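Here, each number is a calculation from the coordinates, and none is a lab measurement. Fair warning: this is a prediction, and the values are worked out from it, not measured in the lab. When we count neighbours, we look across all protein chains shown, and the Cβ atoms used for this are built from the backbone with ideal geometry, even at glycine.
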Amino acid sequence: MHLTANARYSGGVIWLTGLSGAGKSTLAARLEADLRGSGSLAAIIDGDELRRGLSRDLGFGPADRAENVRRAAEVAGMFAAAGVVAVVALISPLRVDRRLAREILARRQVRCAEVYVHAPLAVCEQRDPKGLYRRARAGGIPEFTGISAPYEPPEHPELELRTDLAGEADCARRLAEFTRAFLRGWGDSPISST
């Protein structure tokens with residue numbers, strides 16, 4: 001998690017979901033830099049960092065994945081309640097778990113926008129920055145999302161970014177524009193990049 005200084009906007013949560021390799025962490029970092037540049041407090045809550053720290057006791061079965069999402073939502077809610085924009089970059093593969101995250105945030109009276117960072121499985125496998133898909137296909141990673149465990153795309157995300165159809169800079173620009181509008185209270189309507 002990375003904190004920046006000088007709050008321009010009040011807190012909120014931007015929840016990036018999508019397959020491994022879709023571009024969530026890259027876009028989260030670009031968004032955090034944009035928010036910092038505009039004078040906002042921001043924190044990135046990255047799935048890999050959670051797994052190395054707060055969620056290191058969890059596996060990858062359905063119950064542990066649900067708990068990982070719950071923990072991410074609780075942390076994001078605490079940041080947002082303190083006036084920080086929490087940018088969550090987490091596969092969070094199941095709709096029921098993402099719905100629970102929204103409920104947790106709603107109880108804290110924190111606004112949340114779900115952003116679907118969308119690239120088809122074949123594209124994510126081709127990118128495979130960490131070699132995870134290759135290992136999963138070889139049987140080395142059980143319950144790997146998209147291969148041996150399901151990913152349920154959001155049905156009504158506030159924003160969808162097709163990272164297979166648009167470049168990183170364009171997706172980052174669209175995410176930053178959406179986030180600024182959302183934080184000003186204009187983010188109630190679904191927006192699609194397609």
For the range 120-131, Karplus-derived ³J(HN,Hα) couplings (6.51, -1.76, 1.60; θ = phi - 60°; whole Hz; x for glycine and proline) come out as x, 3, 4, 5, 4, 5, 5, 5, 5, x, 10, x
Using alpha-carbon positions, what is the distance between the centroids of the range 30-85 and the range 86-132, in Å? 11
For the chain, what is the mean residue ellipticity at 222 nm derived from helices alone (per DSSP H run of n ≥ 4: -39500 (n - 2.57); sum divided by total residues; nearest 500 deg cm²/dmol)? -13000 deg cm²/dmol
Please rank VAL88, VAL96, fewest neighbouring Cβ atoms within 10 Å first, as an exposure proxy. VAL96, VAL88
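When you count, for each residue, the other Cβ atoms within 10 Å and take the mean per peptide, how do 174-184, 14-24 rank with the highest first? Don't skip to the end; give the middle numbers.
On the way: 174-184: 18.6, 14-24: 27.1.
Going from most to least packed, we get 14-24, 174-184.
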Sequence-distant or interchain residues sharing an amide H contact under 5 Å with ASP46, placed H: which? ALA89
Would you calculate the separation in nanometres between label points at ALA122 and GLU67, each defined as 7 Å from the Cα along the Cα-to-beta-carbon direction? 3.8
Relative compactness, the range 55-126, computed as alpha-carbon Rg over 2.2 N^0.38 Å: 1.18
For the range 12-192, what are Rg and Dmax over the alpha carbons, in angstrom? 15.4, 47
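Rounding to the nearest 20 debye, state how big the charge dipole of the chain is about its Cα centre with +1 on each Lys and Arg Cβ and -1 on each Asp and Glu Cβ.
280
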